[in-house]
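Worksheet for the structure shown next.
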Amino acid sequence: MENEVSRLQALPENRHKSVKVCFHKEPDSITVAIEDQGKGFNFDKYLRLDEKRVFDTHGRGIITAVHYLTGLTYTPPGNKITIEFNPNNMYSLKQENPHPDFVDQVPSL
């Protein structure tokens, strides 16, 4: 994955692009907004599970995240996402998740 990110960053069309990340913390919520300078993508089709895509090698992360977050919003054209979660519920999130790999991905706060 790191090699692919490095490869994409080195492309002439990406050399001057950046990613903006904003955080906002309240006692019962953390909001993170991530925006890049890309053209975006059609995020609508990834917000619902489609039988036709069940065996695709990609595209299930967004629908999975929707079930664990308090909020997930894409801003058109799809190059900005805002997520919100309750840091006080992170322990129960780890306990209820049926996928063992996800536990390692939940941030410790």
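What the table below lists for this structure:
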item: Residues being surrounded by fewer than 10 Cβ atoms within 10 Å (Cβ to Cβ) and either of a type in the set (S, T, N, Q) or touching a residue at least 12 places away in the same chain (Cβ under 8 Å) (or both) - total across segment 48-60; result: 1
item: Which numbered condition residue 6 fails, given (1) on the phi > 0 side of the Ramachandran plot; (2) among the small types (Gly, Ala, Ser); (3) loosely packed, with under 10 Cβ neighbours inside 10 Å; result: (1)
item: Where a residue in segment 1-13 is among the hydrophobic types (A, V, I, L, M, F, W, C) and its partner, wherever it lies, is surrounded by 10 or more Cβ atoms within 10 Å (Cβ to Cβ) and modelled with pLDDT of 85 or more, with Cβ under 9 Å and at least six apart; result: 8/14
item: Flag if residue 66 is within 11 Å of the chain's Cα centre (by Cα) and free of Cβ contacts under 8 Å to residues at least 24 places away in the same chain; result: yes
item: Residue within segment 1-14 that is of a type outside the set (S, T, N, Q), at pLDDT 90 or above and touching a strand residue (DSSP E or B) at 6+ places or on another chain (Cβ under 7 Å) present; result: no
item: Tally, over segment 25-65, of residues that are among the hydroxyl-bearing types (Ser, Thr, Tyr), modelled with pLDDT of 90 or more and not in a strand (DSSP E or B); result: 0
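The values are calculated or read from the model by the stated rules, or taken from the named source; none is laboratory data. Bear in mind the structure is a predicted one, so any value in this text is a computation, not a measurement. Methodologically, a virtual Cβ is constructed for each residue, glycine included, from the backbone with ideal geometry; neighbour enumeration extends over all protein chains shown.
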